[in-house]
Structure formats: structure tokens, C-alpha cells
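The values are calculated or read from the model by the stated rules, or taken from the named source; none is laboratory data. Every value quoted in this text rests on a predicted model; they were computed, and no experiment measured them. Positions of Cβ are backbone-derived with ideal geometry, glycine not excepted, and every protein chain shown enters the neighbour counts. Note: areas computed on protein heavy atoms with side chains; ligands, DNA, RNA excluded. Shrake-Rupley method; radii C 1.70, N 1.55, O 1.52, S 1.80 Å.
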Amino acid sequence: WHLYFMLPADSPITIGADLLPGVDWRGTGGYVVAPGSVVNGSTYSIERNDPIVSAPVALLHRVENASRSRRQTASTTTRTGPDGSQHMVIPASRRNDTLARIGCALRRWGVEYDALLVALQVTNAAHCEPPLDDHEVASIAASVSRYASAQAQRTAP
């Protein structure tokens, strides 16, 4: 299920996971699979076409607090590589979100699917604990590669 709410213009909410078990959120910079999309043979559809209303204040506070907590945790997790260098670790709860963000950044620069896939596979293997399955990484690369690059957006009519 996807529930849509309007956010205040100055909302710091971006992307996150596990607000509650199985509950993720998307804000600025986030994307969702929208009605009409087909994933694994299933077509996303609208069950209830209600007006989109402002997000409840209590929900906004809960998501903002979860986002703040996740940023603090993610920024302090590192491991030592075989050469003695420090590498940032992407914990299980942040893998999809972080790889999607990296993919989106590369896509803005015009990186195509094949290169996106390789970059995300390398990042997944080197930094995700535990790494995502290859199929999941390919799904993220495919999803991100559907976006137009920044150059394409500037030249669109």
C-alpha cells in the first residue's frame, strides 16, 4: 500500500525505511512505483482515489525523528578493509535507500544502466552488510535508469 500526504515546503524528510516493520517513507528526492507500473508481472493500481491531504503533525515528527536517528547511526559505522583503510558500512536497514541514492546521483550525470549496475554491485559488495542479492541490485539499477539525466531534463521541450 502507498499512502500519499502533502509535506510542508520546508520539510527535511527525504527517504527512509523501517519506521515500523515494513513501513518506509519517501519525501524530497524519493520515488515510488506508481499506479500503472508493472513489477514482476503485477500492475500497480489505485484502490482508493482519495484527495491528498497534509501529513498529520504526529506522523511528520515521528518520521523526522527516525530520519535524524538513522543519519546519526549511518554516519558512525565503519569497518577496516584488508589494506587497513576505513570503509563506511551500509547497514541492512539502509541498503536499498543508499544504493538508490547513489544510483540517482550517477543517473543525474547521465550514467546508463550497465554502468549503474556495475557501480551499484561494487558498492553493494564493498559496503553493504550483508550485501543485497544481485537481483535486488539489478532492480535498483533498472529503476534508477528510467529517470532522465540532468542533461536530458535541461533540453526537454
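Given +1 at the Cβ of Lys and Arg, -1 at the Cβ of Asp and Glu and no other charges, the dipole of the chain around its Cα centre is 400 debye to the nearest 20. The shape of region 27-68 comes out oblate: with a ≥ b ≥ c from the C-alpha gyration tensor, a/c is at least 1.5 while a/b does not beat b/c.
Annotation: amide H of residue 128 within the under-5 Å range of 90, sequence separation 5 or more or interchain, hydrogens built in the peptide plane. Relative to one another, the C-alpha centroids of region 101-139 and region 41-68 are positioned 26 Å apart. Think of a 1.4 Å ball rolled over the protein heavy atoms: the chain then has 67 Å² of accessible area per residue. The amide H of residue 17, built 1.01 Å from its N in the peptide plane, has 25 as neighbours under 5 Å, considering only residues 5 or more places off or on other chains. In percent, rounded to a whole number, the relative contact order of region 1-52 is 25, using alpha-carbon pairs under 8 Å and six or more apart. Of the accessible area of the chain, with the probe set at 1.4 angstrom, what percent is carbon plus sulfur? So the carbon and sulfur contribution to the accessible surface is 57 percent.
Scanning the chain for chymotrypsin sites (Phe, Trp or Tyr not before Pro) in DSSP loops with at most 15 neighbouring Cβ atoms within 10 Å leaves 45-108 as the longest stretch between them.
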